Amino acid sequence: MQKNVELLEPRGDCEQFIIDVDCRRRGLPPCEREWVCQHSCAPETIPDCQDMNCEGTTVVNSACIAAVCDQAARGDFASFDATQVRLRFNVDASVVAELEKAASDADLLPGVEKEGATFVATGSLLAFARYCALRINQDLSESARAVLMETEHILASQFYRAGAALFQQRHVDLRTDRASRGNVILFLGSGVWPVRALVGWEVPERYSRRYPAPANPAPNRGFGLRLEGKAFCLGPIDSGLHEVPGDLYGPQTHLEFRVDQAVADRVIALCNEYATAVPENELADTALGFMRAVVHELGLPIPVMPPAHGDEEGVCVRPAQFIRRLLLAQHLG
């Protein structure tokens, strides 16, 4: 079956490709790959290992890919902007024209050229991430949105951890006073196992002159949909708040807002209001209502949800979709 979207360039290991781009951009020597094997042997011994059962191979350097991902978390997208990507669209010309019109209106247009019966789009990885976020535009046809979703899936999966850092997380500063430490409001969402849909924040620890507070707040308390035994409930959560997309069993969406402490206090108060027993058949709607109230406290437009199709399985699916649409509405870079 022919795919609607194909990745033409880069070829091979895309994670290694963006690492090489990052090293060249920063004037660093090439980052060597790491040796690994199924026996967890010391990396330096694997190349000369005489054990025929030791299937050694090389993988991207974990420190180097972590450095690329950390840049995205800090709002530095220079390496993603320097990474050039070519995609082939095997779609009708009317769909390409619709996407070009939407991207042109938003000043997000990668270069698109006709090549035979298909179209080839060229641009930076960052440009394509911004391009894919247009799928929340309700004026787009289903066909156009499907192409953008497939484009995002291909790039996020091929660039793996770097793709997750770019496509599946955002960090937004909403503080009125940038000099204040403030707090953080976190949205975590995942519609696949382990499913979740929650809001988190930092409860300050006992800091002192010897152990001062870190510069950036870190969420350590949360509230949302969680699994208790074999059933879901809406309640407090204090684990898994530091997981990010790309981690094993990590969330599909990680969205952080840096806020004034007064905003965080109002969000925490909302959690207390919603901390009541809710029948299971009302959990999804109650969770959505809670998240809409949190977004209102943040002073942001509330995402418009598409109509439910009736085939969403699990109480976390619609709340997780809400978080995803909230993320896509945030400016990237």
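Would you please give the FRET efficiency between D265 and L8, computed as 1/(1 + (r/R0)^6) with r the Cβ-Cβ distance and R0 = 45 Å, to the nearest 0.05?
After rounding to 0.05, the efficiency reads 0.35.
Residues of the chain: accessible area per residue at 1.4 Å, in Å²?
52 Å²
Pull out the extension gain between V59 and E34, defined as 0.36 nm times the separation in residues minus the alpha carbon to alpha carbon distance; nm, one decimal.
8.5 nm
Against the 2.2 N^0.38 Å scaling, with N counting residues, where does the chain land? I'd like the Cα-based Rg ratio to two decimal places.
1.09
Quick one: if you take sqrt(5λ) for each eigenvalue of the C-alpha gyration tensor of the stretch 164-291, what semi-axes come out, biggest first, whole angstrom?
Semi-axis lengths for the stretch 164-291 are 25, 18, 14 Å.
At 4 °C and 1.567 mPa s, what whole-number value in µm²/s does Stokes-Einstein give for the translational diffusion of the stretch 77-156, with Rh from the Kirkwood sum over Cα pairs?
Translational D for this selection: 103 µm²/s.
How long is the gain from H242 to D139 if the chain were fully straight, where each residue apart is worth 0.36 nm and the alpha carbon distance is subtracted?
33.5 nm
Report, as a whole number in µm² per second, the diffusion coefficient that Stokes-Einstein gives for the stretch 115-178 at 25 °C and 0.890 mPa s using the Kirkwood radius over alpha carbon pairs.
In µm²/s, the coefficient is 182.
Scan the stretch 264-333 for GluC sites (Glu not before Pro) in coil per DSSP, keeping those whose Cβ has at most 16 other Cβ atoms within 10 Å, and list them by number.
E312, E313
Which of the peptides 128-135, 6-13 is most tightly packed, and how do the rest follow, going by the mean number of other Cβ atoms within 10 Å of each residue?
My ranking of the peptides, most packed first, is 128-135, 6-13.
At q = 0.15, 0.17, 0.19, 0.23 Å⁻¹, what log₁₀ I(q)/I(0) does the stretch 223-289 have when each alpha carbon counts as one equal point scatterer in the Debye sum?
Debye intensities relative to I(0), on a log10 scale: -0.62, -0.78, -0.95, -1.19.
How long is the stretch 274-333 along each principal axis, judged by its Cα atoms, biggest number first, in Å?
Dimensions of the stretch 274-333 along the principal axes of its Cα atoms: 40, 27, 16 Å.
The values are calculated or read from the model by the stated rules, or taken from the named source; none is laboratory data. Owing to the predicted nature of the structure, the values given are computational and were not obtained by experimental measurement. Backbone-built Cβ (ideal geometry, glycine too); neighbour counts: all protein chains shown. SASA here: full protein model, heavy atoms, side chains in, ligands and nucleic acids out. Shrake-Rupley method; radii C 1.70, N 1.55, O 1.52, S 1.80 Å.
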